[in-house]
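FYI, it's all coordinate maths here, none of it is from the lab. Note that this is a predicted model, so its numbers are computed, not measured. A quick note on method: Cβ atoms are made from the backbone with ideal geometry, for glycine too, and the neighbour counts reach across all protein chains shown.
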């Protein structure tokens, strides 16, 4: 039932965001639930665009790269979902709103990570400082 409602809300939100210009979702904590829904759709689309570009760029080099990219992204999705579920379970009556905000924020961060990977900026272990 949750998935059906979520899919419905996302379809409603996508219609709203496509009709207008992109929304600045970096202030998601200050937005109404409807705007958060629109931001969730917008950030998911942006994430998916970046992921598809990453697969084009690195996946074409080998089947192993493509498999690693898929496993990497599926692992991230599981982590995001678990983290947002934990946030929802440990909040008050606005758990659904907290969950959506969590998803928007983590998805924005992930999308930025994928953009850096597209630019060739993978995590550098040489930058790791010894303590």
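Considering all C-alpha pairs of the range 35-99, those separated by over 13 Å amount to 71%.
Shown for 68, 106, 74: other C-beta atoms within 10 Å of each C-beta, ranked fewest to most, produce the order 74, 68, 106.
When each of 55, 104 is scored by the number of other beta-carbon atoms lying within 10 Å, the sequence from fewest to most is 55, 104.
Peptides 86-94, 111-119 ranked from most to least packed give 111-119, 86-94, packing being the mean of other C-beta atoms within 10 angstrom over each peptide's residues. With the simple model of a label 7 Å out from the Cα in the direction of the Cβ, residue 32 to residue 113 spans 3.3 nm. Between residue 94 and residue 68, the FRET efficiency from the beta-carbon distance, with R0 = 35 Å, is close to 0.40.
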